[in-house]
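Quick notes on the structure that follows.
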Amino acid sequence: MSDMAISTNNLTKKFGDFTAVDHVSFGVKKAEIFGLLGPNGAGKSTAIRMLSTLSIPTEGSATVAGFDVQKEDGKVREHIGLVSEKMIMYDELTARENLKLFGNLYDIPSDVLAKRIDKLLSFVRMEKWADHRIDTFSTGMKQRINVIRALVNQPEILFLDEPTLGLDPQSTAEIRELIRRINIENNTTMVLTTHMMGEADMLCNRIGIMDHGKIVALDTSANLKRSISGNDATLFEFEIPNLDTSILSSVESLKSVSSVVRHDATHIKVSSVGNDSFDTLVDALRKNGAQIRTVKNLEPTLEDVFLHITGHEVREEASKAPEPVRRGGPGGWRPNRRVR
Amino acid sequence: MGVRRVLRHSAWICWKDLLEFSRSKLRLVMLVLMPLFMMMMVGFIFPTGSTISHTPVALANQDVAVNGISLGGDLVSNLTDANNKTGMMDLRVAAGFDDIKTMIQDGKVSGGVIVPPNFTADMLAGRQGYITLMTDQSNPQTSAMIQSVLTKLIEQLGSRVAEDNLNQTYNVSGLEAKAVLMPYSVQIRGIVPGNPNYFEFVAPGIMAMVVMMSLMTGLPHAISYEKDMGTLDGMLVAPTSRWAIILGKVLAQSTRGMIQGFIILLMAVLLFGVVIHGSILLVILLILLTVFSFVGLGILITSFADKEETATMVMMTLMFPMMFLSGVFFPVQQMPSYMQTLAGFLPLTYAASAMRKVMVLGAGVQAITPEIIILAVFGIVLLTVAVPMFKRAMNR
């Protein structure tokens, strides 16, 4: 247990009849970046709020930095930092004043605090802006201050709730880089929530996939992907400009094919088994008059993992979601199967 | 968690709130303008005392002279002379009842005086001379004032005539005649020097009210706003007591309220000629006590209202009855008895009354002990209810 920074036991939060977090048990190792991945409303933020003592669990327990979140909430607070979805900053104060306020709430001696604030500001290259008001900053600059604000007490564990939400691509990359640097330089344990597959894939050592308040899968990104592809199944994406139902059904009827997903008017994703599966596929397509423009041999993405496990897309706007044309055969890539 | 630590944290939170507040010039200007407007509004809009000035009044003299004697004409000229000295009315000549009626309907005059045709005849025959006052029923306040002013004026003129009669008939001196006619004479003397002034009445109440408002609007706003913005989480996730947060906010809001209170005090003295007869120290202590008695209510609203909008609505609903029922603008004693009972349940009633006693009447601690006790009890009871509520609300 000593290598665990966080462990939860049947952690549950109910709001009236609605169960936001449903008997969740997991552990976060020291110095790892742990991702909670899931769509909006999956319970990620509620889980983080309980772990950071902002919300009292309805049931179950959690230990953070060796302290119980309910019985020793004061102790927990000394060891954690929170980067919330909403920025925790006062717009009309300067960057330095913001850092100073929060530093003082942690009872850091003023000389130590002053030095630490300078160090944190230079860490994110914001020294020049230290005495400017937050409301004069760009969103990316604000988020950099927001992140170092959570580091003012040098926390062992940093909670990040959707840290790149609403940022432009450049700032997003910057913040991700910052998160990685904090993790490497300070050995800070991090719990990060995101609904972005790429972000979880890029940053997290291990990922817990959350859906409807439950953690439905938990492993490293590589293991999660491996778990759905099976040993011999391969995933191809074909671009066929003249795609029609007869071409589709010809592919579906192949014995080697375990599932076909039509992405849009011209793209299909095919999961097939066997060493000669690619040849068989191409033969079948050509025989039915399909003009193949491009072919990709796909590695399964976390998106596929999520779809595979939960049966639905991560994003709520499911209108553009691939429509499962056929449920796969045994051992294949089956979109609607739930895994325990 | 040590008390000193809570105090230190609350001081930092107060520092933050005041710093944030001071960053907007507009807010600072409003901090001064709000009490100024308030004083001007209540000081000038509400009728100050029972005086009228240059109010148009119609005067119809229908008296018919008897043997060259016109007592009605004497009355009218005396009335005009007396009025010219005070400038209370602008007298306009009218023909009679119907004429004055039209003038009142047209809004040209606020009332009228009619000296009837048989005025001189009646008086010479040893009867009373009747005079008719006409009033504008659509404006009861002005009517009442004109009525009292004219009645008093005509009575004065009447007793002067009587004095002359006594003097001539029985050869008694003017002073003796006065003593015969009006054996009682009333002199008015306040317990502190100076004439009563509406600002003196209203300024202490407004001070108490501004302190109340800054706590009742400021506190729920400050906390629910931070809750909505998400910044409250930053404080809650730090090893800071919930009490340090609320205390910090209370300190910041009280400071604001007290600054406004003192601006009112200063303006009352410098601009509106209010004289403070009591001890300034006692006034400050009373302001602090007022803060204490309202803190619980502020926290209670904060705990109930999850969103800023809700908090604002709850506070508005509570604040207006409090403002008008507590005797800040109108004396509680003049309200109907059931309203007086209701006013008895509002802490502001006691805060305003104690403040007034100290500032206007120069009262000491003994005189306001009941108010002090009641305010303290209000504070303790409200806090006892509010504390667990707040704790529950913070842990959702």
Practice task
Take every residue in peptide A:104-110, count the Cβ atoms of other chains within 10 Å of its Cβ, and give the average of those counts.
Solution key: 5
Handout entry: Computed [θ] at 222 nm, helices only, for the protein assembly as shown once each DSSP H run of length n ≥ 4 contributes -39500 (n - 2.57)
Key = -17000 deg cm²/dmol
Exercise for the section: Work out how far the C-alpha atoms of chain B reach from end to end along every principal axis, then list the three figures in whole Å, largest first. Expected result: 102, 46, 39
Completion exercise
Row for the range A:68-187, column shape: gyration tensor on C-alpha, a ≥ b ≥ c, rounded if a/c < 1.5 i.e. under 1.5, prolate if a/b over b/c, else oblate; value oblate
Problem - Bins of 20 Å from zero: percent of alpha-carbon pairs in the protein assembly as shown - result: 13, 29, 24, 16, 11, 5, 1, 0
Exercise for the section: Before anything else, pin down the relative contact order of chain B: Cα pairs under 8 Å, at least 6 apart, normalised by residue count, whole percent. Expected result: 19
Fill in the blank from the handout: antiparallel share of DSSP beta bridges within chain B, to nearest 5, in %, is 35
Handout entry: Two-site label geometry, B:Arg189 and A:Ser138: point separation in nm, points 7 Å out along Cα→Cβ
Key = 8.1
Problem - Of B:Val381, B:Val93, B:Val42, the one that fluctuates the most in a GNM where chain B has Cα springs shorter than 10 Å - result: B:Val93
Practice task
Using the number of other C-beta atoms within 10 angstrom as an exposure proxy, rank A:Cys204, B:Cys14 with the fewest first.
Solution key: B:Cys14, A:Cys204
Problem - Dipole of the protein assembly as shown, positive direction: furthest Cα of A:Val21, A:Ser138, B:Leu166, with charges on the beta-carbon - result: A:Val21
Completion exercise
Counting only residues 5 or more apart in sequence or on a different chain, those whose built amide H sits under 5 Å from that of A:Ala217 are A:Ile209
Handout entry: Among B:Pro321, B:Pro220, B:Pro183: highest mean-square fluctuation, GNM of chain B, C-alpha pairs under 10 Å
Key = B:Pro183
Practice task
Compute the FRET efficiency between B:Gln105 and B:Lys152 as 1/(1 + (r/R0)^6), taking r as their Cβ-Cβ distance and R0 = 25 Å, and round to the nearest 0.05.
Solution key: 0.40
Fill in the blank from the handout: Once B:Arg92 and B:Ala11 are pulled to full extension, the length gained, defined as 0.36 nm per residue separation minus their Cα-Cα distance, is 22.4 nm
Exercise for the section: Step through the table entries B:Lys25/B:Lys391; B:Lys108/B:Lys152; A:Lys44/B:Lys391; A:Lys128/B:Lys391, compare each Cα-Cα distance with 31 Å, and write down the pairs that go over it. Expected result: B:Lys25/B:Lys391; A:Lys128/B:Lys391
Exercise for the section: With unit charges on the beta carbon (Lys/Arg positive, Asp/Glu negative), name the residue among B:Leu265, B:Ile380, B:Phe345 whose Cα is farthest towards the positive pole of the charge dipole of the range B:256-380. Expected result: B:Leu265
Problem - Charged-residue dipole, Cβ positions (Lys, Arg, Asp, Glu), the protein assembly as shown about Cα centre, Debye nearest 20 - result: 1740
Completion exercise
Length-normalised contact order of the range B:196-271, Cα under 8 Å, at least 6 apart, in percent, tallies to 56
Fill in the blank from the handout: Mean shadow area (nm²) of the C-alpha convex hull around the range B:313-393 is 6.5
Handout entry: Paired Rg and Dmax values of chain A, which use every Cα atom, in angstrom
Key = 23.6, 78
Exercise for the section: Rounded, prolate or oblate: pick one for the range B:84-144, where a ≥ b ≥ c are the square roots of the eigenvalues of its C-alpha gyration tensor, a/c under 1.5 means rounded, and failing that, prolate if a/b is larger than b/c, else oblate. Expected result: prolate
Problem - Estimated vicinal HN-Hα couplings, Hz - the range B:369-378 in sequence order (Karplus 6.51, -1.76, 1.60; Gly, Pro = x) - result: 4, x, 4, 4, 5, 4, 4, 5, 5, 3
Exercise for the section: Using just the alpha carbons, could you tell me how many Å³ per residue the convex hull of the range B:222-320 encloses? Expected result: 126
Exercise for the section: List every residue whose amide H lies under 5 Å from the amide H of B:Thr55, counting only residues 5 or more places away in sequence or on a different chain, with H placed 1.01 Å from N in the peptide plane. Expected result: B:Met89, B:Asp90
Fill in the blank from the handout: Output field shielding_mean for B:225-237 (other chain Cβ, 10 Å radius) holds 6
Exercise for the section: Report the charge-dipole magnitude of chain A in Debye, nearest 20, computed about the Cα centre from +1 at each Lys and Arg Cβ and -1 at each Asp and Glu Cβ. Expected result: 360
Practice task
Specify the residue with the greatest mean-square fluctuation among A:Thr245, A:Thr164, A:Thr63, computed from a Gaussian network of chain A linking alpha-carbon atoms under 10 Å apart.
Solution key: A:Thr245
Completion exercise
Rg/Rh of the range B:55-181 (Cα atoms, Kirkwood Rh), to two decimals, equals 1.01
Problem - Amide H partners (placed H, <5 Å) of A:His132, local residues excluded - result: A:Ala95, A:Arg96
Handout entry: Those chymotrypsin sites (Phe, Trp or Tyr not before Pro) in the range B:111-204 that DSSP places in a loop and that have at most 11 other beta carbons within 10 Å
Key = B:Tyr184
Practice task
May I ask you to derive the relative contact order of the range B:55-181, considering only C-alpha pairs under 8 Å and at least 6 residues apart, and to give it as an integer percent?
Solution key: 26
Completion exercise
The longest stretch of chain A containing none of the GluC sites (Glu not before Pro) that sit in a DSSP loop with at most 13 other Cβ atoms within 10 Å is A:1-315
Handout entry: Whole-Hz couplings from phi, Karplus 6.51/-1.76/1.60, listed for the range B:156-167; x for Gly and Pro
Key = 4, 4, x, 6, 5, 4, 5, 4, 4, 4, 4, 4
Practice task
Have a look at A:Leu192, A:Leu235, A:Ser256 and report the one farthest towards the positive end of the charge dipole of the range A:161-279, computed about the Cα centre with Cβ charges (Lys/Arg +1, Asp/Glu -1).
Solution key: A:Leu192
Handout entry: For the range B:55-181, size of Cβ-based charge dipole, Lys and Arg +1, Asp and Glu -1, in debye
Key = 160
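Each reported figure results from applying straightforward, stated rules to the coordinates on display, with no laboratory input. It should be emphasised that the depicted structure is a prediction, and the values quoted were computed from it without experimental measurement. Backbone-built Cβ (ideal geometry, glycine too); neighbour counts: all protein chains shown.
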